[in-house]
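Everything below concerns the one structure shown next.
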Amino acid sequence: MSHMTTDVASLAAGVLGGGFMAEVHSRAVRAARGTLAAVTSSSASSTREAAARLGAGRPFTSPDELVADDGVDVVHVCTPNATHRELALAALRAGKHVVCEKPLATTPADALELAQEARAADVVATVPFVYRYHPMVREARARLASGELGAILSLQGSYTQDWLLDAAADNWRVDPALGGSSRAFADIGSHLVDLVEFVAATRITRLAALTRTVHPERAGEPVATEDLAGVLAVTEDDVVVSLFVSQVAAGRKNRLAFEISGTRAAVAFDQESPEVLWLGRRTGSLELVRDPVQLGAEATRLSVVPAGHPMGYQDAFNAFVADTYAAIGGARPEGLPTFEDGARAALVTDAVVRSAAADGAWVEVGGAP
Ligand code: SOE
């Protein structure tokens with residue numbers, strides 16, 4: 001499976017995992033004209049249940065069996081974070097294309113190893129940084145790249161949720177053995193870093209972070225992972241960046257937002273209202289709506305329905321999987337998030353963890369893959 005052109009319509013997906021993300025991936029596989037050939041979940045009964053719910057062809061008894069099966073072309077890893085390395089490595093070594101959920105791995109060393117193995121295997125290996133696939137995100141990126149906003153003066157981003165606000169709320173992500181040593185930042189800060197760096201076409205080089213664990217215990221167990229993180233950072237061009245991530249922000253469900261200010265104009269985006277992009281100007285600020293007649297090539301490409309017919313999260317996910325499958329077919333779609341990008345987010349997450357452990361000391365982000 002290398003760079004031969006594959007018939008995209010014939011791709012068969014094997015999904016590892018049976019949770020919320022497995023459902024999102026399964027819908028996207030079908031939208032990309034793939035077939036859902038196989039699934040495994042954590043036990044025989046949950047696998048049977050997931051196969052029925054997702055409509056997968058075959059329930060497999062183990063991930064190893066699924067990954068080795070000749071009937072599977074691309075493996076979607078939708079399991080808890082700490083299992084990603086082993087499962088993605090097994091899939092790569094079996095010569096499969098891989099879509100691995102974020103965070104790609106729970107340490108930068110593991111994420112860099114996966115990126116290296118993916119390069120060596122010469123397969124398509126992607127990470128669902130799907131917020132890149134909102135048409136208005138591509139529009140913000142295009143307008144920055146064209147110089148319309150001028151030189152970048154500042155970057156602000158935040159990603160806030162409230163599903164862990166109550167002390168009673170618990171989830172595998174809270175447990176470092178399953179989720180990794182960072183929780184809020186690895187889980188949603190990874191999306192935020194990827195999105196801001198993608199849109200602004202820049203990289204964060206050093207940062208200072210403070211984190212807080214609001215509830216010392218959940219479900220009777222001590223909590224070691226952070227509920228929120230505040231990060232001050234600097235890019236390679238010496239631009240000041242502020243990032244804020246919280247899973248205990250009352251009323252916020254999935255508010256991933258950024259604002260980038262340039263010498264001429266600014267752009268702001270909020271993924272809970274993804275059909276508009278705010279264009280800030282000294283005079284004449286406006287909300288640009290998603291209408292292909294006024295958008296660039298990439299925003300137009302990703303607009304699968306006309307203006308006034310709202311698009312959202314699943315559409316973004318579908319576009320990501322469609323581009324992954326197109327890449328398997330030999331295309332080179334713009335802005336496809338790969339294992340290199342997954343490793344990049346892991347490096348920034350690691351810098352956040354190191355800085356927070358040193359009470360907010362400035363640290364360098366580790367070397368790019
Ligand atoms: C839970 O915090 C979660 O499902 C994340 O894991 C996803 O990456 C995010 O898109 C929505 O929230």
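Every residue, every condition in (1) surrounded by fewer than 18 Cβ atoms within 10 Å (Cβ to Cβ); (2) of a type in the set (Lys, Arg), yes or no:
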{"site": "Ala200", "(1), (2)": "no, no"}
{"site": "Arg206", "(1), (2)": "yes, yes"}
{"site": "Val240", "(1), (2)": "yes, no"}
{"site": "Ile260", "(1), (2)": "no, no"}
{"site": "Arg282", "(1), (2)": "yes, yes"}
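Quickly run through the stretch 219-251 and pick out the residues that are away from the ligand (no atom under 15 Å from the Cβ), touching a residue at least 60 places away in the same chain (Cβ under 8 Å) and over 23 Å from Thr106 (Cα atoms).
Thr235, Asp237, Val239, Val240, Val241, Ser242, Ala250, Gly251
Applying the selection to the stretch 188-201, what residues are within 11 Å of the ligand (Cβ to nearest atom) and touching a Lys or Arg at 6+ places or on another chain (Cβ under 6 Å)?
Ser190 - this is the single residue of the stretch 188-201 that is within 11 Å of the ligand (Cβ to nearest atom) and touching a Lys or Arg at 6+ places or on another chain (Cβ under 6 Å).
Between residues in the stretch 20-35 that are away from the ligand (no atom under 16 Å from the Cβ) and residues that are among the hydrophobic types (A, V, I, L, M, F, W, C) and part of a loop (DSSP other than H, G, I, E, B), which pairs lie under 6 Å by C-beta distance while being six or more apart or on different chains?
Filtered contacts from the stretch 20-35: Gly34/Leu11.
So, Val29, is that one within 24 Å of Arg85 (Cα to Cα), at pLDDT 95 or above and part of a helix (DSSP H, G or I) or not?
Here the answer is yes, as Val29 does meet what is asked.
What's the total number of residues in the stretch 336-369 that are of a type outside the set (A, V, I, L, M), assigned to a loop (DSSP other than H, G, I, E, B) and surrounded by 17 or more Cβ atoms within 10 Å (Cβ to Cβ)?
3
Under 7 Å by Cβ, and 6 or more places apart or on different chains, what pairs join a residue from the stretch 164-187 that is on the phi > 0 side of the Ramachandran plot and within 13 Å of the ligand (Cβ to nearest atom) with one that is of a type outside the set (A, V, I, L, M, F, W, C) and part of a loop (DSSP other than H, G, I, E, B)?
Matching pairs, first to second residue: Gly180/Pro103; Gly180/Thr106.
Of all residues in the stretch 212-228, count the ones that are part of a loop (DSSP other than H, G, I, E, B) and out of contact with any strand residue (DSSP E or B) (no Cβ under 8 Å at 6 or more places or on another chain).
The number of residues fulfilling the criteria is 6.
Give the residues of the stretch 106-165 that are part of a loop (DSSP other than H, G, I, E, B) and among the aromatic types (Phe, Trp, Tyr), sorted by residue number.
Once the filter is applied, which keeps residues that are part of a loop (DSSP other than H, G, I, E, B) and among the aromatic types (Phe, Trp, Tyr), the stretch 106-165 yields Phe129, Trp163.
From the residues in the stretch 90-143 that are charged (D, E, K, R) and within 16 Å of the ligand (Cβ to nearest atom), which one is surrounded by the fewest Cβ atoms within 10 Å (Cβ to Cβ)?
Glu101
Residues of the stretch 88-103 being over 19 Å from Val321 (Cα atoms) and not small (Gly, Ala, Ser), which ones?
Leu89, Arg93
The values are calculated or read from the model by the stated rules, or taken from the named source; none is laboratory data. What you see is a predicted model; the values in this text were computed from it and never measured. Glycine also receives a Cβ, built like all others from the backbone with ideal geometry; neighbour counts cover every protein chain displayed.
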